[in-house]
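Let me begin by presenting the structure, written as C-alpha cells, before commenting on it.
Bear in mind these aren't lab numbers, they're just calculated from the coordinates by the rules spelled out. This structure is a prediction, so every number in the text was calculated from the model and none was measured. Every residue, glycine among them, receives a Cβ derived from its backbone with ideal geometry; neighbour counts consider all protein chains shown.
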Amino acid sequence: MPHAHALSSVIGVTCRVLVPDLKAGHGVSTAMTVSPVQNTPAREYLDAVERTDELGRLRAQAHARKCLLIFGAEGVGKSRLLRTFCASEPFAAFVSNTRSPREFFLELLEAMRPAAGNGAIPKDIAAQSARSLKGIAQRVLDTAPYLIAIDQLSGPSRVLAGAIKDLHHYGRTPIFFAARSPHMEDIGALQSLCVLKTERIEIKDWPQTIALEFAARQAESLGLEATNLES
C-alpha cells in the first residue's frame with residue numbers, strides 16, 4: 001500500500017493503518033484512525049505542523065551566531081525542521097553525509113557553492129583529499145556569514161567531530177546539528193558546542209489532536225478511504 005506507507009512516514013505523526021486478514025479473491029481495504037476535518041485549518045494547527053515556535057528558536061540562534069543542537073526521537077521531525085530553516089537562509093549549508101570526513105566536506109562544499117563567489121570553490125573537487133577539502137571550506141567560510149546545518153548525526157568519529165569543531169573556529173561559523181539525544185553516544189565530542197540549555201532544543205511529537213487532524217488531511221489528499229472516521 002504505497003499511499004498508506006507515505007502517510008505513515010510523514011514527519012511528526014504515526015498513522016495506524018489496519019489491514020484485515022482477507023481471503024483470496026477479496027479486495028484490499030484499509031481503516032485509518034483519523035477524524036473528519038474542516039476545510040480551513042486553525043492557526044493552532046498550522047503553527048504546530050509548520051513548527052513555528054521551533055523555527056523562531058532556530059532563527060534567533062542563527063541571528064546570535066550561536067550553535068544549536070536539535071534533538072528528539074527518530075521520526076519526530078528534526079530533518080524537516082532543519083531543511084525548512086535552511087531553505088530560508090541563503091548562507092546555511094545543509095549536510096547529511098557524516099560517514100567520513102572526506103564525504104562530509106564534499107557535500108559541505110557543494111552546499112556552500114551557490115552562495116560562494118565565482119571561483120571560490122573549484123569546479124572539480126571529487127579527487128581532492130579530505131585535508132585539501134577542509135582547507136577550501138575554511139577559506140570560503142571566512143568570506144561570508146555561513147552557518148553549517150548537519151542532519152542525522154549519530155556517533156561521529158573523533159576525527160570528524162574534531163573537523164566540525166575546527167569549522168566552528170572560535171564562534172566564526174555556527175553549527176546546527178540534529179541528533180537523537182545530547183548524549184555522548186549520539187553527538188560524541190560535539191557536546192562542547194551545546195553545553196548551555198540555550199544551545200539545545202528538543203523536538204517533540206505533535207499533540208494527539210493535531211496528529212489526528214494531520215493524518216485525516218493527508219488521507220484526504222492521497223485519496224485513501226477511511227471507514228472508521230467517527231470512531
Mind listing whichever residues of segment 132-156 are outside any helix (DSSP H, G or I), free of Cβ contacts under 8 Å to residues at least 40 places away in the same chain and not β-branched (Val, Ile, Thr)?
Asp142, Gly155
What is the residue count in segment 196-226 for residues that are β-branched (Val, Ile, Thr), farther than 27 Å from Met112 by Cα and surrounded by fewer than 18 Cβ atoms within 10 Å (Cβ to Cβ)?
1
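Go through the residues of segment 220-227 one by one and say whether even a single one is under 19 Å from the mean Cα position of the chain (by Cα) and either without any contact (Cβ under 8 Å) to a residue 24 or more places away in the chain or part of a loop (DSSP other than H, G, I, E, B) (or both).
Here is the first cut: in segment 220-227, the ones under 19 Å from the mean Cα position of the chain (by Cα) are none.
Scanning segment 220-227, I find no residue that is under 19 Å from the mean Cα position of the chain (by Cα) and either without any contact (Cβ under 8 Å) to a residue 24 or more places away in the chain or part of a loop (DSSP other than H, G, I, E, B) (or both), so the answer is no.
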Can you tell me how many residues within segment 157-172 are in contact (Cβ under 8 Å) with a residue 12 or more places away in the chain and either crowded, with 23+ Cβ neighbours inside 10 Å or of a type in the set (Phe, Trp, Tyr) (or both)?
2
Among the residues of segment 73-126, the number that are surrounded by 13 or more Cβ atoms within 10 Å (Cβ to Cβ), out of contact with any Cys (no Cβ under 9 Å at 6 or more places or on another chain) and within 30 Å of Lys204 (Cβ to Cβ) is 22
Residues of segment 37-72 being of a type in the set (Gly, Ala, Ser), crowded, with 16+ Cβ neighbours inside 10 Å and within 30 Å of Arg172 (Cβ to Cβ), which ones?
Ala62, Gly72
